[in-house]
Amino acid sequence: MDTLDSLERRDPWRAAWQALTSDVLLAALVAVVLIIGLALALLPQTPAAADALAVNRWRAEAQLRLGGWFTPLDAFGLNDVRGTPWLRLPVLALAAMAALRIADRAARLRTSAAAGAFNDGARLRVTDQAPSLADLQAALYTRRYRTQATDDALHATRAPLAEAGSIVLHLGLLLAAVGLLINIVRGWDVDSLIINSTTPAVLHGAETAVLQVQESTPQQATLRLEPSGDTLTLQTEQSGARGDLRITLRRIAPGYRIRAAADDGRALAIRTSNYLSPTESAAVDFGMDEGVTIAVPEAQLVLTLLHMPNGAPDELRAYSIGTAKEIASAQIKAQQMSIGRTHLTFEPLLSIELDAHSRPGDALALVGAVLALAGLLSCVILPTRRMTIRRSGPWTEFYADGRGVHADVQALLRVPPTYTSDSNP
């Protein structure tokens, strides 16, 4: 007589444990975490700026770059991974699940040769027509199982190789998740940062970037990074890395630092935008535009600077506030010019715009990804399988778990018996 039993009723805590650590849940977490990691690596991220104007400008630029994708990505927080707390939960869950699975695999690896180590497997088959335990042991050996026989039972496992591959897989997932968490917690992004040749720019915290004027040209710029002292030479739209810091040079633009003074030498405030406070020293660059406009409210002047092509001298045009009447026009050949009772100083300036990103967890995440892929390949080639075969009188019970183990059980039942003393009559 040959019967096929359904899965035995298990202890509820054991069932809950297996549901919590199921392969389906693991695969879902890996997929979600992979999406989060790709978003952090590839999508523009909201800069950590307290200035609402800077954030709004970034959002407008991101909408232009991403088009119709911006709204759904923004709705799920993928454009602001660091500022969306719930996106950390899948990463934490993956790290915790991988750690639990590593502990479980390590414990099973230590006890795989002990009798009764596989009693928690599902009972797949009960039959009175099975070959002898000796025949089954020989067949399992040809299928790369390690076996241990007792008087009435046979324990078989693919460990340690298969268990070791599973441990490598989950160790890789753990390292990748921890690396991503480090990037989320300690990484940072700066977009569209303007640096000119006279003022260093703060990238993040104590890290600054200084434009090296003597080594920079309209085609490339050289930056000195502080406090490390490293230098980085980039061309437009080129990226470079120093450690966990990656900088992308967006554009290089000529410009001027402009100061205005009255007859008595008193500095006059200059306004470069309606959204910015006036300043006594205004840095302007031409960027993608051929001209820039500033105002000297106290002198009732509006100044338009025009960038001339082919190396021709730049031009200045001055208008009177209120009347829009042009009152002066000249080429900017000298560093000092006067318009009526207002004295202007023009200092040539080179400006660059860059994006900077720090990913301190990238190295750990990369190592984890390599280990996870190697472990996954090992599990595909040699999946973890465990089996306990018990003999009680004429009946033989097969307990087993692992991917593909059902096929092994079916193959064992087809092993020709040799009719030894352990064989069924």
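The values are calculated or read from the model by the stated rules, or taken from the named source; none is laboratory data. On a predicted model such as this, the values are computed, not experimentally measured, just so you know. Neighbour counts are summed over all protein chains in view; Cβ atoms, including those assigned to glycine, are modelled from backbone coordinates with ideal geometry. Remember, those area values only see protein heavy atoms, side chains included, never the ligands or the DNA or RNA. Shrake-Rupley method; radii C 1.70, N 1.55, O 1.52, S 1.80 Å.
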Revision key, fill the gap. Within segment 120-174, residues among the hydroxyl-bearing types (Ser, Thr, Tyr) and part of a loop (DSSP other than H, G, I, E, B) come out as Ser132, Tyr145, Thr150
Check your understanding: Is there any pair linking a residue in segment 218-231 that is under 23 Å from His307 (Cβ atoms) to one that is of a type in the set (Ser, Thr, Tyr), with Cβ under 7 Å and at least six apart or on different chains, and which?
Key -> Gln220/Thr233; Thr222/Ser216; Thr222/Thr231; Thr222/Thr233
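In segment 267-320, which residues are assigned to a loop (DSSP other than H, G, I, E, B) and in contact with an Asp or Glu (Cβ under 8 Å, 6 or more places away or on another chain)? Let's see the steps before the verdict.
If we filter segment 267-320 for residues that are assigned to a loop (DSSP other than H, G, I, E, B), which is where we start, we get 269, 272-278, 280-281, 286-290, 300, 307-314.
Within segment 267-320, Ala269, Gly287, His307, Met308 meet the criteria.
Sort through Leu301, Leu276, Leu268 and tell me the only one that's among the hydrophobic types (A, V, I, L, M, F, W, C) and under 25 Å from Arg57 (Cα atoms). Working first, answer last.
Details: Leu301 fails: under 25 Å from Arg57 (Cα atoms); Leu268 fails: under 25 Å from Arg57 (Cα atoms).
Going through Leu301, Leu276, Leu268 in turn, the sole match is Leu276.
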Practice item. Starting from segment 140-151, take each residue that is touching a residue at least 24 places away in the same chain (Cβ under 8 Å) and over 19 Å from Arg391 (Cα atoms) and list its partners that are open to solvent by less than 90 Å² (accessible area, probe 1.4 Å) and part of a helix (DSSP H, G or I), counting only C-beta distances under 8 angstrom and pairs at least six apart or across chains. Key: Arg143/Asp408; Arg143/Ala411
Exercise for review: Would you tally the residues in segment 156-204 being without any contact (Cβ under 8 Å) to a residue 40 or more places away in the chain and more than 27 Å from the chain's Cα centre (by Cα)?
Suggested key: 1
Check your understanding: Is it true that Ala241 is outside any loop (DSSP other than H, G, I, E, B) and surrounded by 15 or more Cβ atoms within 10 Å (Cβ to Cβ)?
Key -> no
Exercise for review: Output the residues belonging to segment 271-306 that are open to solvent by less than 50 Å² (accessible area, probe 1.4 Å) and either aromatic (Phe, Trp, Tyr) or out of contact with any strand residue (DSSP E or B) (no Cβ under 7 Å at 6 or more places or on another chain) (or both).
Suggested key: Ser273, Phe286
Point to revise | Extreme residue, most open to solvent (accessible area, probe 1.4 Å), among residues of segment 321-351 that are out of contact with any Asp or Glu (no Cβ under 8 Å at 6 or more places or on another chain), assigned to a strand (DSSP E or B) and polar (S, T, N, Q) | key: Gln336
**Study point:** Residue satisfying all of: in segment 352-388; open to solvent by less than 10 Å² (accessible area, probe 1.4 Å), part of a strand (DSSP E or B) and out of contact with any His (no Cβ under 8 Å at 6 or more places or on another chain); nearest to Ala134 (Cα to Cα) among these
**Key:** Asp355
Point to revise | segment 146-160: number of residues that are farther than 18 Å from Arg108 by Cβ and hydrophobic (A, V, I, L, M, F, W, C) | key: 1
Practice item. State the number of residues belonging to segment 389-408 that are aliphatic (A, V, I, L, M), part of a helix (DSSP H, G or I) and buried (at least 18 other Cβ atoms within 10 Å of the Cβ). Key: 1
Check your understanding: How many of the residues making up segment 195-222 are more than 15 Å from His357 (Cα to Cα) and open to solvent by less than 70 Å² (accessible area, probe 1.4 Å)?
Key -> 14
